[in-house]
Amino acid sequence: MKLRCLLCLLTLVVALPTTAAELTVDLGHGAQTYSSAQLLARTDVRNITIPADVAFKHSMRYRAVPLRALLIGMKPGEHLQFVGADGFAAEIDSTPLLNTLGAQAWLAIEDPAHPWPTLAENHGRAGPFYLVWTQPQAGHISPEQWPYQLATIRKLSGVAERFPAILPDPSLPADSPVQRGFTVFKRTCFACHTLNGEGDARLGPDLNTPHNPTEYLSAELLRAYIRDPQSLRRWPQAKMQGFDTQAMSDADLDAVLAYLQYMAKHKTAH
């Protein structure tokens, strides 16, 4: 009898219709919620192929809409934050997102009836929404500008205005390693980590309090860790992905270390 009830329950679960996921887009004039069913039914949805997909590490085909079609009223130079269900928070300037030539941004939509495969290395799923790029090399698009598991897209003021405790001293030359490192940090590390308690990402720990990684790791080990997190400590549940030289050049990596070393001497209590 128990086995029969269990089989009936499993049959019911399998028979239940899959529900459409929802994405919230807030550009400052009233939040708009889109279901995956609504997006897949749009007249501008297209089949696109991404030859070297950042999340899946191989070619992928998607049903997708041009992201700029959802960014009504946005102007080049404004700022958007892409928040994932996993706590990832990518900060992206609107300029490349509005492009119609070269690198172009697309919102890939997972069909609930035909889900995408799971990601490798314990990274879960990429759906229900995923920002992908065609011709990303034309716009020097970094891996952190491919946020997946998207839940919210919102217009905000820039990082410097919202989080002053992560800023280097403005008197430092604009071309100094620290300032360059800050620029790279915002684009890469800040999508997963906070610093001095500031930031919206919730995927990784704070990188300055209570201890900055430059205080307990040598520069050599820290470089190796950023390139390949598993090289320092093998942990199957680890979420951090490494940055190869295409994602972060040696010069950019050195600059990030310069910024972190500088911020280790400029901690802010929260």
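Looking only at residues in the stretch 108-141 that are surrounded by fewer than 18 Cβ atoms within 10 Å (Cβ to Cβ) and in contact with a helix residue (DSSP H, G or I) (Cβ under 7 Å, 6 or more places away or on another chain), which one is farthest from SER59 (Cα to Cα)?
Among them, the one singled out is PRO112.
Quick check on the stretch 189-209. Is at least one of its residues in a strand (DSSP E or B), surrounded by 14 or more Cβ atoms within 10 Å (Cβ to Cβ) and aromatic (Phe, Trp, Tyr)?
Among the residues of the stretch 189-209, not one is in a strand (DSSP E or B), surrounded by 14 or more Cβ atoms within 10 Å (Cβ to Cβ) and aromatic (Phe, Trp, Tyr), which makes the answer no.
Residue-wise test of (1) crowded, with 19+ Cβ neighbours inside 10 Å; (2) within 20 Å of GLU144 (Cβ to Cβ).
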{"residue": "ARG46", "(1), (2)": "no, no"}
{"residue": "LYS57", "(1), (2)": "no, yes"}
{"residue": "ARG61", "(1), (2)": "no, no"}
{"residue": "GLY77", "(1), (2)": "no, yes"}
{"residue": "VAL83", "(1), (2)": "yes, yes"}
{"residue": "ALA90", "(1), (2)": "yes, yes"}
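Among GLY197, GLY181, which is the only one that is over 13 Å from PHE82 (Cβ atoms) and touching a His at 6+ places or on another chain (Cβ under 6 Å)?
GLY197
Go through (1) buried (at least 21 other Cβ atoms within 10 Å of the Cβ); (2) touching an Asp or Glu at 6+ places or on another chain (Cβ under 6 Å); (3) within 26 Å of PRO76 (Cβ to Cβ) for ILE153 and report which single condition fails.
That leaves (2) as the condition not met.
Can you tell me which residues in the stretch 108-150 are under 15 Å from SER94 (Cα atoms) and either among the β-branched types (Val, Ile, Thr) or within 12 Å of the chain's Cα centre (by Cα) (or both)?
LEU131, VAL132, ILE141, SER142, GLU144, GLN145, TRP146, PRO147 - these are the residues of the stretch 108-150 that are under 15 Å from SER94 (Cα atoms) and either among the β-branched types (Val, Ile, Thr) or within 12 Å of the chain's Cα centre (by Cα) (or both).
When residues of the stretch 36-70 are filtered for being in a strand (DSSP E or B) and either out of contact with any Ser or Thr (no Cβ under 9 Å at 6 or more places or on another chain) or closer than 18 Å to ALA138 by Cβ (or both), how many remain?
9
Could you name every one of the strands (runs of 3 or more DSSP E) located completely within the stretch 95-172 that has at least 1 residues being of a type outside the set (Ser, Thr, Tyr) and either touching a Cys at 6+ places or on another chain (Cβ under 7 Å) or free of Cβ contacts under 8 Å to residues at least 40 places away in the same chain (or both)?
Passing ranges, in order: 104-109.
Of the residues ARG223, ARG233, only one is surrounded by fewer than 15 Cβ atoms within 10 Å (Cβ to Cβ) and either more than 23 Å from the chain's Cα centre (by Cα) or part of a helix (DSSP H, G or I) (or both); which?
After applying the criteria, what remains is ARG233.
So which residues in the stretch 66-94 are of a type in the set (Val, Ile, Thr) and within 17 Å of the chain's Cα centre (by Cα)? Walk me through it before giving the result.
Residues of the stretch 66-94 that are of a type in the set (Val, Ile, Thr), as a first pass: 72, 83, 92.
If the condition is that a residue be of a type in the set (Val, Ile, Thr) and within 17 Å of the chain's Cα centre (by Cα), then VAL83, ILE92 are the ones that fit.
No value in this document is a laboratory result; all are computed from the given coordinates. As the structure is a prediction and not an experimental result, all values here were calculated from the model. Positions of Cβ are generated from backbone atoms using ideal geometry, with glycine treated the same way; all protein chains shown enter the neighbour counts.
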